[in-house]
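A.B. asks: What follows is a structure written as structure tokens; I'll ask about it next.
The values are calculated or read from the model by the stated rules, or taken from the named source; none is laboratory data. Worth saying up front: this structure is predicted, and the values here are computed from it rather than measured. Every residue, glycine among them, receives a Cβ derived from its backbone with ideal geometry; neighbour counts consider all protein chains shown.
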Amino acid sequence: MIAFLIQRLLQGAAVVAAMSLIVFIGVYAIGDPVEILINPDADQATREAVTQMLGLDQPLWVQYWRFVQAALQGDLGTSFVFNIPAGELILERMPATLELAVTATLMAILIGIPLGLIAGLDQERWYAKSILAGSILGFSLPTFWVGLILILTFGVWLNWLPVFGRGETVSVFGIEWSFLTLDGLAHLVLPATNLALFKIALFIRLTRAGVREVLPQDFIRYANAMGIHPARVVSRHVLKNIMIPLVTVIGIEFGSVVAFAVVTESIFNWPGMGKLIIESINRLDRPVIVAYLMVIVVMFVIINVVVDLLYAVLDPRVRLGGSNR
Amino acid sequence: MSDTAFIAPPRRAVRLRALAAFGAAFAESPAALAGALVFVALVLAAVFAPLIAPQNPYDLAKLSILDARLPPGSVAMSGYTHILGTDGLGRDLFSAILYGLRISLMVGALSAFVALIIGTVLGLTAAYVGGRIDSAIMRLVDLQMSFPAILIALILLAILGRGADKTMIALIAVQWAYYARTVRASALVEREREYIEAAQGLRLGHVRILMRHLLPNCIAPLLVVVTVQMAHAITLEATLSFLGVGLPETQPSLGLLIANGYQYMLGGSYWISIYPGVALLIVMVAINLMGDRLRDLFNPALKR
Amino acid sequence: MSAVPVLDVSSLTTVFELKAGAARSVNDVSFSLRRGEILGIVGESGSGKSVTGLSIMGLVAPPGRVVSGEVRMNGTVLTGLDEAQLRKKRGRDIAMIFQDPMTTLNPVLTIARQFYEVLRAHRPVTMREAREIAAAAMAEVGISAPRERLDAYPHQLSGGMRQRVCIAISLVNEPSVIIADEPTTALDVTIQAQILAMIQRIVRERQVAMIFITHDLSVVAGLCDRVGVMYGGRIVELGPVDEILADPAHPYTVGLLASIPGDAPARSRLFQIPGTQPSPLDLPSGCSFRTRCTKAAALCETAPPFAPVADGRQARCHFPQNRGGHDA
């Protein structure tokens, strides 16, 4: 187990290193930061001074080495726009994004999996077919457009829910949270729904496919032949078999939800790191872009390791060692 | 070695018959058939947009700011009825949607096609050559697939900047790995078959073996991936354009039309965003219905 | 062996309503079963032997349906029960053993958990009690160190051991009837023999009644007390194993016995019944075997009765083989 963990962490570190190189070359070497930093009318001397100050006259590998050294100390550069450390800026915005992503993922799990079970168990019934048809629609709806429709319907026409920002927040451990206040929760509903919709459709389809795969298996027929109640067959025998692959997907999809928060945050003006990255791309605030990407990469690597571990814990067949055959 | 070992994969007549049977099986699902018909209609509408559209929305001489933000069904100064209304600049929305559809489908199809070729070449190479080249290609595939498409596209566009060509590069970059993985998997299965060994024994050229023997067997799974990926590419482009990092203002795809309408939406001119979105939705549903059916047909586990 | 039957099946008929037509997979099947008795049901694949087992259990899934006939067990008419009542019988009064031990056990649940699920379906039991019962049940089917296996997952056990576990689970609620559907077909020959001996011992000790479904007449010969030979959804011959093997009455049974390689002289051509088994969708009128039978006559176009041919023996043939002779 320990060896497996170390191996996975090393692989993760390799991915982080590879991505940092790609991101660094991409963001710093292809463009010319000097162009953005200084007044276009500045003379050659100023230009050279700034270039030297930023170390841009050095060979690429030296620049990269400096970047890595600084990054390892938590210094990812300073935002051109806000003039504060980029890492700090990202971390400050992260809780809002995580709050949104976790809520959306929970919604997807709590709505998608039960609906998928129904769609798979009663395949021929009209409601099961409706669920499946609905999931195709959910798959086809572009997230950003659904966001607009939600704003239009619930914000403008019905005027039921707020559509901009996080609302009132409460500070816990120095971090602001929306879900702890009624106003904050109301602000959370629409963006989280928007972000969850695609994943609900995905989980419906995956759960349904899993049910269809497990139901005809002998051990389910055997459970029926032994007089086990159908509800119990579903909750113990079917669900446990489906959950193993689903956990993997949930982990990976959580990462994807964090990435897709970019869209939802932009539409609902949710002050998370997704909205920040779009603003930074539009303003060419390179240190923030790099910081965001590095934080995301690390986050993905962690998610992947956690998912692998969970998988090993859940599925006896991949349990590492311990076979007494 | 058995007699059948030297029989190559299907010949033309057999292929035609197989194609007809496949078409019949596909059409057994009314939803899939409807999806295919709608998709064909949309493609035709996009191709012939300049002929169908009542107005050239980008001919500035024809635009009048006085016609801006007319609700659906309004009659313009010129006496023309705008069935879907007009946008913020007084363009006929129906015409703008037809032109937008053209751009969206073109970007989606073209990027899917280029990604298909890159992915197929890399996938076949990985399967056929094996060894280090195989593991190098697959590492790259794994790396790409472990990050969500939108993230990779954002990174690339952050580096490259906005633009039609750059958007296409980003779309290709997020798609190729799916093709490569699919082709490699199918090719690996086929590679083990006797007739490939036989073909190698006959010293047929590598390219010939690849093209005539391995590739045809990858087509079925590839078709499924193409539909899925094209749908992905179209939404992703729309999303990126909506966020303002994709296509430039001069090439207004459906995503950009929606983004342009966003600013007027809260003011009550909802149609400018809604109708391009509906058009996008119809495209997606049509493609996904076809994709679902293809997946069912090619999944041997689901065959009755 | 007591004289009162535990299980009484009469005129059981199961039909599958398919697009291509209605398939009578089980057609007018009747037999009875006493305590401590093993009845073999033998036939080719598609003869309806497995569906017979499922029909008795009430487990035929749509488009299949038991259309007529009666299954009576210890005085209760199973075919008249609703699903909830039937569920209370399944696993407690009448249990099944499946063919493939690799797939019959749930791969993600421990052995103890699978015992627990089957136990608690029929009576209140704690996990701790379930483990005790499971350990004893596993010891009975010849698993060494049963307590250590309780927390194992199925994939950690060998195929033979898994089938022992399946049998122990099927037996754990002490059912009076067990339907075993080819329980040894998926196993190696040596393990097969061990499992068969174990099954025989348990049936005798516990005095349960067993239906043993198989395609293998040699297994029937060594294990069963009586045998029913199925062809085209019907039982064509029923009676004590020794008598039927020594002196088959139905031409199909004769052909089946002749095609066993064991008795044939080395290098001689094996006997084959001409033709193939008819599709259950399209059974010949009258005797369903007549299209392959060498003795078929005009009379065979009318359905033969399931008539007694000797004491305790029945055959469904207009021209049963000569009694006492062995010239077939």
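A.B. asks: Would region C:88-100 turn up any residue that is more than 9 Å from chain A (Cβ to nearest Cβ), free of Cβ contacts under 8 Å to residues at least 60 places away in the same chain and in contact with a Leu (Cβ under 8 Å, 6 or more places away or on another chain)?
C.D. replies: Looking through region C:88-100, none of the residues is more than 9 Å from chain A (Cβ to nearest Cβ), free of Cβ contacts under 8 Å to residues at least 60 places away in the same chain and in contact with a Leu (Cβ under 8 Å, 6 or more places away or on another chain).
A.B. asks: Separate question: Listed residues A:I228, A:I220, A:I244; which is at pLDDT below 85 and closer than 30 Å to C:V172 by Cα?
C.D. replies: A:I244
A.B. asks: Please go through (1) touching a residue at least 60 places away in the same chain (Cβ under 8 Å); (2) within 14 Å of chain B (Cβ to nearest Cβ); (3) charged (D, E, K, R) for A:R166 and return the number of the only condition it doesn't satisfy.
C.D. replies: Going through (1) touching a residue at least 60 places away in the same chain (Cβ under 8 Å); (2) within 14 Å of chain B (Cβ to nearest Cβ); (3) charged (D, E, K, R) one by one, A:R166 breaks only (2).
A.B. asks: Give the residues of region B:268-283 that are more than 8 Å from chain A (Cβ to nearest Cβ) and in a helix (DSSP H, G or I), sorted by residue number.
C.D. replies: Within region B:268-283, B:W271, B:I272, B:Y275, B:P276, B:V278, B:A279, B:I282, B:V283 qualify.
A.B. asks: Please find, among A:L310, A:L293, A:L276, the residue that is more than 10 Å from every other protein chain (Cβ to nearest Cβ), among the hydrophobic types (A, V, I, L, M, F, W, C) and under 30 Å from B:G244 (Cβ atoms).
C.D. replies: A:L276
A.B. asks: Counting only residues that are within 10 Å of chain B (Cβ to nearest Cβ) and of a type outside the set (F, W, Y), how many does region A:244-260 have?
C.D. replies: 7
A.B. asks: From the set of residues in region B:235-248 that are facing chain A (nearest Cβ under 8 Å) and not hydrophobic (A, V, I, L, M, F, W, C), which is surrounded by the most Cβ atoms within 10 Å (Cβ to Cβ)?
C.D. replies: B:T235
A.B. asks: Which is over 13 Å from C:E37 (Cβ atoms), surrounded by fewer than 24 Cβ atoms within 10 Å (Cβ to Cβ) and touching a strand residue (DSSP E or B) at 6+ places or on another chain (Cβ under 7 Å), of C:L223, C:L217, C:L245?
C.D. replies: C:L217
A.B. asks: Moving to a separate point now. Which count do you get for residues in region B:151-193 that are in a loop (DSSP other than H, G, I, E, B) and free of Cβ contacts under 8 Å to residues at least 12 places away in the same chain?
C.D. replies: 3
A.B. asks: Give A:L98, A:L91, A:L110 a once-over and let me know the one that is surrounded by fewer than 15 Cβ atoms within 10 Å (Cβ to Cβ) and within 23 Å of the chain's Cα centre (by Cα).
C.D. replies: After applying the criteria, what remains is A:L110.
A.B. asks: Among the residues of region B:244-282 satisfying the criterion of being aromatic (F, W, Y) and at pLDDT below 85, which is farthest from A:S140 (Cα to Cα)?
C.D. replies: The qualifying residue farthest from A:S140 (Cα to Cα) is B:Y264.
A.B. asks: Also, I was wondering about something else. Within region A:79-86, is even one residue in a helix (DSSP H, G or I), closer than 21 Å to A:V23 by Cα and in contact (Cβ under 8 Å) with a residue 12 or more places away in the chain?
C.D. replies: Yes, because at least one residue in region A:79-86 is in a helix (DSSP H, G or I), closer than 21 Å to A:V23 by Cα and in contact (Cβ under 8 Å) with a residue 12 or more places away in the chain.
A.B. asks: Continuing with the same structure: Do we find that C:A22 is outside any loop (DSSP other than H, G, I, E, B) and at pLDDT below 85 in this structure?
C.D. replies: When the stated conditions are applied, C:A22 passes them.
A.B. asks: Just one of the numbered conditions (1) modelled with pLDDT of 85 or more; (2) surrounded by fewer than 18 Cβ atoms within 10 Å (Cβ to Cβ) is not true of C:S259; which one?
C.D. replies: Against the list (1) modelled with pLDDT of 85 or more; (2) surrounded by fewer than 18 Cβ atoms within 10 Å (Cβ to Cβ), C:S259 comes up short only on (1).
A.B. asks: Something else about it: When A:Q123 is evaluated against the numbered criteria (1) at positive phi; (2) within 14 Å of chain B (Cβ to nearest Cβ), which criterion, by number, is the only one it fails?
C.D. replies: (1)
A.B. asks: Let me confirm something: among A:V258, A:V307, A:V290, A:V313, which residue is at pLDDT 85 or above and assigned to a helix (DSSP H, G or I)?
C.D. replies: A:V258
A.B. asks: Looking only at region C:151-170, decide whether some residue is among the polar types (S, T, N, Q) and free of Cβ contacts under 8 Å to residues at least 60 places away in the same chain.
C.D. replies: Looking through region C:151-170, at least one residue is among the polar types (S, T, N, Q) and free of Cβ contacts under 8 Å to residues at least 60 places away in the same chain.
A.B. asks: On to the next question. Taking the condition of being surrounded by 15 or more Cβ atoms within 10 Å (Cβ to Cβ) and within 28 Å of B:A231 (Cα to Cα), how many residues in region A:117-136 meet it?
C.D. replies: 10
A.B. asks: Considering region A:126-152 alone, what residues qualify as being at the interface with chain B (Cβ under 10 Å from one of its Cβ atoms), in a helix (DSSP H, G or I) and free of Cβ contacts under 8 Å to residues at least 24 places away in the same chain?
C.D. replies: If the condition is that a residue be at the interface with chain B (Cβ under 10 Å from one of its Cβ atoms), in a helix (DSSP H, G or I) and free of Cβ contacts under 8 Å to residues at least 24 places away in the same chain, then A:A133, A:S140, A:W145, A:I149, A:L152 are the ones that fit.
A.B. asks: For region B:142-167, how many residues meet the condition of being more than 13 Å from chain A (Cβ to nearest Cβ) and surrounded by fewer than 21 Cβ atoms within 10 Å (Cβ to Cβ)?
C.D. replies: Number of matching residues: 3.
A.B. asks: Okay, next question. Run A:W65 past the list (1) exposed (fewer than 13 other Cβ atoms within 10 Å of the Cβ); (2) modelled with pLDDT under 80; (3) part of a helix (DSSP H, G or I) and report the number of the one that doesn't hold.
C.D. replies: (2)
A.B. asks: Tell me the residue from B:I172, B:I137, B:I117 that is away from every other protein chain (no Cβ under 14 Å) and over 21 Å from the mean Cα position of the chain (by Cα), please.
C.D. replies: B:I137
A.B. asks: Can you confirm whether region B:249-257 contains a residue that is under 15 Å from the mean Cα position of the chain (by Cα), more than 25 Å from B:I159 (Cβ to Cβ) and crowded, with 24+ Cβ neighbours inside 10 Å?
C.D. replies: Scanning region B:249-257 turns up at least one residue that is under 15 Å from the mean Cα position of the chain (by Cα), more than 25 Å from B:I159 (Cβ to Cβ) and crowded, with 24+ Cβ neighbours inside 10 Å.
A.B. asks: While we're on this one: Could you identify the single residue in C:M198, C:M230 that is among the hydrophobic types (A, V, I, L, M, F, W, C) and more than 14 Å from the chain's Cα centre (by Cα)?
C.D. replies: C:M198
A.B. asks: Mind listing whichever residues of region A:211-243 are over 25 Å from C:R123 (Cβ atoms) and more than 7 Å from chain C (Cβ to nearest Cβ)?
C.D. replies: A:V211, A:R212, A:E213, A:V214, A:L215, A:P216, A:I242, A:M243
A.B. asks: Further, regarding this structure: Enumerate the helices (runs of 4 or more DSSP H) found wholly within region C:134-233, keeping only those where 1 or more residues are under 26 Å from C:R120 (Cβ atoms).
C.D. replies: C:146-149, C:159-171, C:189-206
A.B. asks: Tally the residues that are more than 25 Å from the chain's Cα centre (by Cα) and surrounded by fewer than 20 Cβ atoms within 10 Å (Cβ to Cβ), restricting the search to region B:266-297.
C.D. replies: The qualifying residues number 3.
A.B. asks: So which of C:T103, C:T79 ends up being under 23 Å from the mean Cα position of the chain (by Cα), within 14 Å of another protein chain (Cβ to nearest Cβ) and modelled with pLDDT under 90?
C.D. replies: C:T103
A.B. asks: Would you point out the residue of region B:170-192, among those that are touching a Gly at 6+ places or on another chain (Cβ under 9 Å) and small (G, A, S), that is farthest from B:P148 (Cα to Cα)?
C.D. replies: Among those residues, the one meeting the criterion is B:A187.
A.B. asks: Quick one: is C:F31 aromatic (F, W, Y) and within 19 Å of A:A223 (Cα to Cα)?
C.D. replies: Answer is no for this residue.
A.B. asks: For region A:154-176, enumerate the residues that are surrounded by 15 or more Cβ atoms within 10 Å (Cβ to Cβ) and among the polar types (S, T, N, Q).
C.D. replies: Listed by number, the list holds a single entry, A:T169.
A.B. asks: State yes or no: is A:S171 more than 14 Å from chain B (Cβ to nearest Cβ) and either without any contact (Cβ under 8 Å) to a residue 24 or more places away in the chain or part of a helix (DSSP H, G or I) (or both)?
C.D. replies: Answer is yes for this residue.
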